[in-house]
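Structure record follows, encoded as structure tokens.
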Amino acid sequence: MYNFRYHIASLVAVFLALAIGLLLGTIVVERGLLDRQRTSLVQSLQTDYTGLKKENDELRRDRDRERMFAQDAAPQLIGGVLRGQSVLIVTNAGRNDGLSVVRETLRAAGADSIVVTFKTKDFGRSDQGVRESLAAIATGTPGIAAASDPVVAALAAEWSKRGEPQPLTDRLRSSGEISIEGSSTDLAPDAVVLLASFDAQADPALVGLVAALQKAGASVVGVETQGVASGVTDASLGAGISTVDDVDRPEGMVSLVYVLAGRAEGHFGVKAGAQSPYPKLR
């Protein structure tokens with residue numbers, strides 16, 4: 001009996017040793033295979049990274065060259081294009097992204113710029129006194145009473161004629177609702193730039209005013225900077241006004257001047273709704 005149990009134990013030990021040996025051998029083989037696969041994967045990733053880095057560096061150099069060219073070319077394309085013209089910039093109190101670059105662009109194009117800054121939206125008509133005062137002047141203007149917004153119509157009429165009284169404009173100035181900065185206070189511009197946005201929304205009254213000035217013969221455009229969505233270009237799109245949504249870039253500066261000069265119309269830039277980055281150069 002003792003010998004039989006001993007043989008059984010010996011056989012079990014042998015088979016157990018074989019099983020352990022097979023298991024360890026498999027692990028070693030698999031570990032070696034995994035190590036080789038991992039090494040191959042790392043080498044492949046390193047190769048891909050090197051290739052992508054080289055491609056990215058080339059793209060960055062191309063972008064920098066194109067940006068430098070655009071910055072150098074823009075002043076040549078717009079220089080003197082608006083010489084002798086009066087351009088009205090409609091903006092708002094507080095944050096007004098793009099105002100400085102618009103003024104500098106117009107200066108480079110040879111234009112005289114006048115900045116009209118609106119203190120609050122809708123001409124301040126949330127105040128009853130202002131509303132009644134403006135309505136009285138607007139409805140007293142011949143041919144204005146039947147307009148859907150008499151104040152818009154009256155103000156557009158005043159800003160479409162040179163050398164004539166501007167009672168509504170004077171009332172807005174005296175109430176502090178608008179301020180005017182420029183070489184001339186006679187608001188009868190050849191062209192208009194709409195920048196005004198209150199709380200990231202365009203003022204429908206000012207959009208309507210600029211659209212009315214367009215009907216009266218002025219070249220008009222609604223603009224934004226590339227990094228800020230002020231709602232101006234969206235509202236201008238809906239009102240049939242040309243737009244430039246990247247006025248802080250060289251392409252946008254050229255687009256702005258070309259639209260104001262009557263060389264182009266449409267929607268230019270990089271945001272939704274833009275038809276092309278810039279107009280045809282001519």
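Could you please find all residues in region 101-112 being of a type outside the set (Lys, Arg) and either assigned to a loop (DSSP other than H, G, I, E, B) or within 22 Å of the chain's Cα centre (by Cα) (or both)? Break it down into steps so the answer makes sense when it comes.
Pass one, region 101-112, residues of a type outside the set (Lys, Arg): 101-102, 104-106, 108-112.
Passing the criteria: Val101, Val102, Glu104, Thr105, Leu106, Ala108, Ala109, Gly110, Ala111.
Here is a check on your reading of the model: is Leu155 within 15 Å of Ile114 (Cβ to Cβ), outside any loop (DSSP other than H, G, I, E, B) and open to solvent by less than 60 Å² (accessible area, probe 1.4 Å)? Spell out how you get there, then give the answer.
Numbers: within 15 Å of Ile114 (Cβ to Cβ): yes; outside any loop (DSSP other than H, G, I, E, B): yes; open to solvent by less than 60 Å² (accessible area, probe 1.4 Å): yes.
Answer is yes for this residue.
Exactly one of (1) open to solvent by less than 60 Å² (accessible area, probe 1.4 Å); (2) farther than 17 Å from Arg173 by Cα; (3) without any contact (Cβ under 8 Å) to a residue 60 or more places away in the chain is unmet by Val130. Its number?
With (1) open to solvent by less than 60 Å² (accessible area, probe 1.4 Å); (2) farther than 17 Å from Arg173 by Cα; (3) without any contact (Cβ under 8 Å) to a residue 60 or more places away in the chain applied to Val130, the lone miss is (2).
Out of curiosity, is Gly176 touching a residue at least 12 places away in the same chain (Cβ under 8 Å) and either open to solvent by less than 10 Å² (accessible area, probe 1.4 Å) or more than 22 Å from Ser126 (Cα to Cα) (or both)? Reasoning before the result, please.
Details: touching a residue at least 12 places away in the same chain (Cβ under 8 Å): yes; either open to solvent by less than 10 Å² (accessible area, probe 1.4 Å) or more than 22 Å from Ser126 (Cα to Cα) (or both): no.
Taking the combined requirement at face value, the residue does not satisfy it.
If you scan region 225-244, which residues turn out to be in a loop (DSSP other than H, G, I, E, B) and open to solvent by 10 Å² or more (accessible area, probe 1.4 Å)? Outline the logic, then answer.
Here is the first cut: in region 225-244, the residues in a loop (DSSP other than H, G, I, E, B) are 225-231, 239-241.
Passing the criteria: Thr225, Gln226, Gly227, Val228, Ala229, Ser230, Gly231, Ala239, Gly240.
Quick one: which residue in Leu195, Leu206, Leu260 is modelled with pLDDT of 95 or more and in contact with a Phe, Trp or Tyr (Cβ under 7 Å, 6 or more places away or on another chain)?
Working: Leu195 fails: in contact with a Phe, Trp or Tyr (Cβ under 7 Å, 6 or more places away or on another chain); Leu260 fails: in contact with a Phe, Trp or Tyr (Cβ under 7 Å, 6 or more places away or on another chain).
None of the others qualify; the one that does is Leu206.
Quick one: which residue in Gly222, Gly208 is closer than 19 Å to Phe123 by Cβ, without any contact (Cβ under 8 Å) to a residue 40 or more places away in the chain and under 26 Å from the mean Cα position of the chain (by Cα)?
On the way: Gly208 fails: without any contact (Cβ under 8 Å) to a residue 40 or more places away in the chain.
None of the others qualify; the one that does is Gly222.
The values are calculated or read from the model by the stated rules, or taken from the named source; none is laboratory data. If you're wondering where the values come from, they're calculated on a predicted model, not measured in any experiment. Every residue, glycine among them, receives a Cβ derived from its backbone with ideal geometry; neighbour counts consider all protein chains shown. These area figures cover heavy atoms from the full protein model, side chains too; ligands, DNA and RNA do not enter into them. Shrake-Rupley method; radii C 1.70, N 1.55, O 1.52, S 1.80 Å.
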